[in-house]
Amino acid sequence: MAKLIWSDDAIYDLEGIYDYIARDSPLYARHQVERICDSIERLSQFPESGRHLPEFQYLPHREVIVDNYRVIYRHEPVSEEVILVSIVHGRRLLTMDFINRKN
């Protein structure tokens, strides 16, 4: 079972998602964050379940899609760690800025 490591940026992204949705509906915001967290928790058992990033096939990063959001992560098989890099809305252009954040 892999250990989940949240980067500061991924935590900030999740808080931003909650804050944005909560302006209209705190209840829906909580449900959305719970759905994202549930998907992330599954990565501890199935770290290779996400697909490689279509934009950056050469990178070791993967993603899981949760509703409108892309959870970007990297699996380190040697240390059995899943490092959560960022959570990005699917309509945003994924650039290296989201990948090269501090982990």
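A few comments on the model shown:
- Residue match in region 75-90 (condition: in contact with an Asp or Glu (Cβ under 9 Å, 6 or more places away or on another chain) and more than 21 Å from Leu4 (Cβ to Cβ)): yes
- Within region 20-66, being polar (S, T, N, Q), without any contact (Cβ under 8 Å) to a residue 40 or more places away in the chain and either closer than 20 Å to Glu81 by Cβ or touching an Asp or Glu at 6+ places or on another chain (Cβ under 9 Å) (or both) holds for Gln32, Ser39, Ser49.
- Of all residues in region 1-11, exactly one satisfies the criterion of being of a type outside the set (A, V, I, L, M, F, W, C), surrounded by 13 or more Cβ atoms within 10 Å (Cβ to Cβ) and not in a loop (DSSP other than H, G, I, E, B), namely Asp9.
- Residue in region 86-93 that is over 18 Å from Ile36 (Cβ atoms), touching a residue at least 24 places away in the same chain (Cβ under 8 Å) and of a type in the set (Val, Ile, Thr) present: no
- Considering (1) of a type in the set (Val, Ile, Thr); (2) surrounded by fewer than 15 Cβ atoms within 10 Å (Cβ to Cβ); (3) touching a residue at least 24 places away in the same chain (Cβ under 8 Å), the lone condition that Ile17 does not fulfil carries the number (2).
- Test: residue in region 70-81 that is aliphatic (A, V, I, L, M), within 20 Å of Tyr20 (Cα to Cα) and surrounded by 19 or more Cβ atoms within 10 Å (Cβ to Cβ): yes
- Any hit, region 38-50, residues being under 24 Å from Met1 (Cβ atoms), in a strand (DSSP E or B) and out of contact with any helix residue (DSSP H, G or I) (no Cβ under 9 Å at 6 or more places or on another chain): no
Rule-based calculations on the coordinates, nothing more; no lab input. Small disclaimer: the values here were computed from a predicted structure and weren't measured. Using ideal geometry, Cβ is built from the backbone for each residue, glycine included, and neighbour counts are taken over all protein chains shown.
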